[in-house]
Amino acid sequence: MPGKITLERIMALQAAYVRCIDHDELEAWPEFFLDPCLYKVTTAENHKLGYQSGIIYADSKAMLIDRIAALRQANIYEKQNYRHILGLPNIIANGGTEAESETPFMVVRIMHDGQSDIFATGVYLDTVRAVGRDLKFVQRIVVCDSSRIDTLMALPL
Amino acid sequence: MPGKITLERIMALQAAYVRCIDHDELEAWPEFFLDPCLYKVTTAENHKLGYQSGIIYADSKAMLIDRIAALRQANIYEKQNYRHILGLPNIIANGGTEAESETPFMVVRIMHDGQSDIFATGVYLDTVRAVGRDLKFVQRIVVCDSSRIDTLMALPL
Amino acid sequence: MPGKITLERIMALQAAYVRCIDHDELEAWPEFFLDPCLYKVTTAENHKLGYQSGIIYADSKAMLIDRIAALRQANIYEKQNYRHILGLPNIIANGGTEAESETPFMVVRIMHDGQSDIFATGVYLDTVRAVGRDLKFVQRIVVCDSSRIDTLMALPL
């Protein structure tokens, strides 16, 4: 029986998720999601207007896996590193084994020459479900504050 | 009987506070405070020198409500969005139903053209009190690291 | 008997550590470490390549104390302030009284003229041990994302 969802477990999930990306362990990234799932990257403006499409949209684990495979093959652009810094999560609703949370994020991009700048800020709108000892994403909508998102955006947010 | 104050409850309060501002639910912002209260925005330099006044000063919920009303009416400047990212809180003293904590913050400003920059960094010096299931601010002193604070600063920090 | 290490205790340690630095209480900084210890600042690139040396290296509390003493004497450069913002920690291994954790960080530098910029981002790779009611660092390796680290870097990260 999966244990009750707590703030501590949500924090641990969020921390593990961004570690996976920032440590370039992208092949493990789809494992954070259930199947089917919803993973969407959008802008605050489009989210507010209720647009269903996004900059990135995936509704199955296979689509997430494809995305990483494509990224590995097409990795011809200038090497960049990212650092996610997460704020403190809000639990919006908690049914015990399924919960909704919102977690603010900032992503810093470190260019090859060492220059660092703010790549993106926003909020993760999540529905998470307890599966055994783990929490998995039923849904993660990444709402970026800025409407000017780098169209070369390749790494998951 | 209000429950004991814990790090988890303080984190939840801090997260809810910045969500309220970043989601533009400003009318709910005064509800985070007791009445009377102390809400002050100042600079690290002035705080160190012991100056009592601040860039912003309010000692009642009515003053907080007025501030939001004025902000809504005067909203003629260029549209900006803010994103607060909070660091991990320190509990400095904890009497069970009243506690002092310090929470570092960073605010990123997202301009209309999509450009993002660091608007402010600093620390929240708080006294919080358990009121039923909630925590409320007895006092929040917002100490900004930089002395160059945008004088057009309108949104609460 | 020291209590079991929890995420909450690790968060409290991380928060206290950066508060010590950002509040300029540097003389208390070596107290966060056991003796002997390992404190190293390095870059992601050098860390990946397995280089043992670092930009800063100390393996005893005496070396940490010396570092602060030297910093206080040599404090001739332009006054700067730093603000650490920590992300959510990952617990990588937890043996109960000793644990390994990874905590992302960002440091904002506030110059005398009020300008703020991103000074460093990276991750703390820590081994912590419960000593009575406290947690102490057995080892802290500060891995900076950028290879362009200010060689005048004087304050601890």
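Hey, for a label at C:ASP66 modelled as a point 7 Å past Cα toward Cβ, could you say which residues of the range C:11-42 have their backbone N under 19 Å away? Counting only backbone N, you get C:27-42.
Using the structure shown, select from B:LYS61/B:LYS136; A:LYS136/B:LYS4; A:LYS4/A:LYS136; C:LYS4/C:LYS48 the pairs with a Cα to Cα distance greater than 20 angstrom. Correct reply: A:LYS136/B:LYS4; C:LYS4/C:LYS48. Each copy carries a label point for A:GLN80 at 7 Å from Cα toward Cβ; from one copy, the others' points are 2.5, 2.5 nm away, ordered from shortest. Distances, shortest first, from the label point of A:ASP117 to those at the same position in the other copies read 1.2, 1.2 nm; the point lies 7 Å along Cα to C-beta.
Here B:GLN52 yields copy-to-copy label distances, from shortest upward, of 6.1, 6.1 nm, the label point defined as 7 Å from Cα along Cα to C-beta.
Output the relative contact order of the range B:1-97, whole-number percent, from Cα pairs under 8 angstrom with separation of 6+ residues. The partial results should precede the final answer.
Details: 68 pairs, mean separation 37.5, N = 97.
Here the relative contact order equals 39 percent.
What does DSSP give for the protein assembly as shown in terms of the percent of beta bridges that are antiparallel, rounded to the nearest 5? Could you put the intermediate results ahead of the total?
On the way: 108 of 129 bridges.
If we restrict to bridges inside the protein assembly as shown, about 85 percent are antiparallel.
In chain B, the beta carbon lying closest to the axis that superposes B onto A belongs to the residue given here with its whole-angstrom distance, B:ILE85, 4.
Between the C-alpha center of the range B:10-71 and that of the range A:14-91 there is a gap of 35 Å. List the chymotrypsin sites (Phe, Trp or Tyr not before Pro) within the range A:23-104 that fall in a DSSP loop (any state other than H, G, I, E or B) and whose Cβ has at most 15 other Cβ atoms within 10 Å. Within the range A:23-104, the qualifying chymotrypsin sites (Phe, Trp or Tyr not before Pro) (loop, at most 15 other Cβ atoms within 10 Å) are A:TYR51, A:TYR77.
The distance separating the Cα centre of the range C:117-157 from that of the range B:110-136 comes to 25 Å.
Taking the Cβ of C:ILE10 as the center, what net charge do the other residues with Cβ under 13 Å away carry, scoring Lys and Arg +1 and Asp and Glu -1? So the environment of C:ILE10 carries a net charge of -2. Considering only alpha-carbon pairs that sit under 8 angstrom and 6 or more positions apart, the relative contact order computed for the range B:107-157 is 28 percent.
In the range A:112-157, the residues that give up 50 Å² or more of accessible area when the other protein chains are added, compared with the chain on its own (1.4 Å probe), are A:ILE118, A:ASP145, A:ARG148. Run the numbers on the range A:1-32: which residues show a drop of 50 Å² or more in accessible area, chain on its own versus all protein chains together, using a 1.4 Å probe over heavy atoms? Output list: A:LEU7, A:GLU8, A:MET11, A:ALA15, A:ARG19.
With the full set of protein chains in place, find how many percent of the accessible area of the protein assembly as shown is carbon and sulfur; take the probe as 1.4 Å. List each step's numbers first, then the result.
On the way: 11180 of 21390 Å².
Ligands and nucleic acids excluded, carbon and sulfur give 52 percent.
Considering only C:HIS23, C:HIS47, C:HIS84, the Gaussian network model of chain C with Cα springs below 10 Å gives its largest mean-square fluctuation to C:HIS23.
Per residue, how much accessible surface does the protein assembly as shown expose to a 1.4 Å probe? Answer in Å², no decimals.
Working: 21390 Å² over 471 residues.
Ligands and nucleic acids excluded, the figure is 45 Å² per residue.
Looking at the range B:1-140, I'd like the Rg to Rh ratio, where Rg is from alpha-carbon atoms and Rh is Kirkwood's inverse mean 1/r.
Details: Rg = 15.6 Å, Rh = 16.1 Å.
That ratio equals 0.97.
Ellipticity at 222 nm from helices only: DSSP H runs of n ≥ 4 in chain A, each -39500 (n - 2.57), divided by the residue count, give -6500 deg cm²/dmol.
For the interface of chains B and C, what total accessible area is buried with a 1.4 Å probe, rounded to the nearest 100 Å²?
Between B and C, the summed buried area is about 1700 Å².
In the range C:26-157, Cα pairs under 8 Å separated by at least six residues give a relative contact order of 27 percent. The dipole here belongs to the protein assembly as shown: it is taken about the Cα centre, uses +1 on the Cβ of Lys and Arg and -1 on the Cβ of Asp and Glu, and is about 560 debye. Principal-axis analysis of the Cα atoms of chain C puts helix C:61-73 at an angle of about 20° to the longest axis. Pairs of Cα atoms in the protein assembly as shown fall into 10 Å distance bins, from 0 up to the last occupied one, in shares of 4, 19, 31, 28, 15, 3, 0 percent. Taken about its Cα centre, the range C:60-157 carries a charge dipole of about 320 debye when Lys and Arg each add +1 at the Cβ and Asp and Glu each add -1 at the Cβ. Over the range A:83-157, the reciprocal of the mean inverse Cα-Cα separation, the Kirkwood hydrodynamic radius, stands at 13.8 Å.
Rounded to the nearest 20 debye, what is the charge dipole size of the range B:1-76 about its Cα centre when +1 sits on each Lys and Arg Cβ and -1 on each Asp and Glu Cβ? The partial results should precede the final answer.
Values: 8 positive and 10 negative charges, 47 e Å.
Charge dipole, the range B:1-76, about its Cα centre: 220 debye, nearest 20.
Extending 7 Å from the Cα toward the beta-carbon at both B:HIS23 and C:GLU31 defines two label points whose distance is 4.0 nm. Can you give the angle from 0 to 90° between the axis of helix C:7-22 and the longest principal axis of chain C, with both taken from C-alpha atoms, to the nearest 10? That works out to roughly 20 degrees.
The values are calculated or read from the model by the stated rules, or taken from the named source; none is laboratory data. Computed from a prediction, not measured in an experiment: that's the story for all the values here. Ideal geometry is used to build each Cβ from the backbone, glycine not excepted, and the neighbour counts take in all protein chains shown. Just the protein is used for accessible areas: all its heavy atoms, side chains included, with ligands, DNA and RNA removed. Shrake-Rupley method; radii C 1.70, N 1.55, O 1.52, S 1.80 Å.
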